[in-house]
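Report on one structure; see the data block that follows.
The values are calculated or read from the model by the stated rules, or taken from the named source; none is laboratory data. Worth saying up front: this structure is predicted, and the values here are computed from it rather than measured. Glycine also receives a Cβ, built like all others from the backbone with ideal geometry; neighbour counts cover every protein chain displayed.
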Amino acid sequence: MSDDFLKQTPIAHRGLHDGTKPENSMPAFLAAIEHGYAIETDVRFTKDKQLVIFHDDDLLRMTGDPRPVSECTYADLVSLPLRSPTQSSSCPPPPEENPTMPPPEEGGRGVGNDPPTQSNIAHIPLFSDFLQAIGGRVPLLIEIKNMPHVKGKEVVAAMYDLLKAYGGEYAVQSFNPLYVKAYKELCPTVPCGVLGTAEEGAAKGIQGYIIKHMSLNFWVKPDFISYRKEDLPRKKLARFKGIKLAWVIRSEAEARAALDHVHNIIFEDFLP
């Protein structure tokens, strides 16, 4: 499978979300498709081992429900509406408060600001429904969320069971190098990469050290590295011969600075 899109196509972080399209929702993904961007998204297990599209460990920020996703069945999740950024304090501001986000253009080319209605309220998607909706129209960058007590072989087998019939381009990444290694072994033709950050408190102990220094790259042999923009430049990243990405880029100025060190950006809050 080609990895060209990782170098050439800007990647919309959790879809092209805004004040009316929550992150990791079908409306945000369809908006990214309309603009021709690749889509970055997150997968994790529910209690009943359904793969869902959701970033956080718990539901509080995006739904107001404090339960961990891992303690909920998909039946528990399906009725919970996702909050838009205007309803969630830790989300980015809506377009009218962000001068870098252009207003919608005639013919639906903008990000869109239609008020939410009962018919378009967004919910947490199943990974299978997400794949069906995207239908290979744009490339995907799929992050496997780190899940304590979930082995790499278990989660990648569940993913591959759904992806083996998928006709579109995709790549897989994770902060957990065991997950990356497991997917590379199962699907050696699929681009697989590690996520990295030097942010204090991102992870504890040896796990934090490995994430910061990408210490297991010699074993995982990643095809690409995605590193937090605030931590650039890094000598080890500069020495890496594969594809390099930066996250999360939120303006043209940040994009220009990051592209001095990486091939491509994972972005939100503006249109590159």
Among the residues of region 143-156, is there at least one that is of a type in the set (Gly, Ala, Ser) and over 21 Å from Phe218 (Cβ atoms)?
-> no
Among the candidates Leu162, Leu80, Leu140, single out the residue that is within 16 Å of the chain's Cα centre (by Cα) and modelled with pLDDT of 95 or more.
-> Leu140
Region 188-227, residues that are buried (at least 18 other Cβ atoms within 10 Å of the Cβ) and either part of a loop (DSSP other than H, G, I, E, B) or in contact with a His (Cβ under 9 Å, 6 or more places away or on another chain) (or both) | Val190, Pro191, Gly196, Thr197, Met214, Pro222, Asp223, Phe224, Tyr227
Looking at region 248-272, which of its residues are among the aliphatic types (A, V, I, L, M), in a loop (DSSP other than H, G, I, E, B) and free of Cβ contacts under 8 Å to residues at least 40 places away in the same chain?
-> Leu259, Val262
Region 133-171: number of residues that are of a type outside the set (Ser, Thr, Tyr) and within 13 Å of Leu51 (Cβ to Cβ) | 15
Please work out if Glu252 is at pLDDT below 95 and surrounded by fewer than 20 Cβ atoms within 10 Å (Cβ to Cβ).
-> no
Return the residue satisfying two criteria in turn: it lies in region 188-209 and is of a type in the set (Val, Ile, Thr) and at pLDDT 95 or above, and of such residues it is nearest to the chain's Cα centre (by Cα).
-> Val194
Output for Cβ contacts, cut-off 9 Å, separation at least six or different chains, first residue more than 10 Å from Ala32 (Cβ to Cβ) in region 1-21, second part of a helix (DSSP H, G or I) and at pLDDT 95 or above, reads Asp18/Ala28; Asp18/Ala31; Thr20/Pro27
Every residue from region 164-185 that is of a type in the set (A, V, I, L, M, F, W, C) and buried (at least 22 other Cβ atoms within 10 Å of the Cβ) = Ala171, Val172, Val180, Ala182
Residue check: is Glu185 in a loop (DSSP other than H, G, I, E, B), without any contact (Cβ under 8 Å) to a residue 24 or more places away in the chain and at negative phi?
-> no
Going through region 130-173 one residue at a time, which ones are free of Cβ contacts under 8 Å to residues at least 60 places away in the same chain, farther than 18 Å from Asp58 by Cα, of a type outside the set (Gly, Ala, Ser) and not in a strand (DSSP E or B)?
-> Leu131, Gln132, Lys151, Lys153, Glu154, Val156, Tyr160, Asp161, Leu163, Lys164, Tyr166
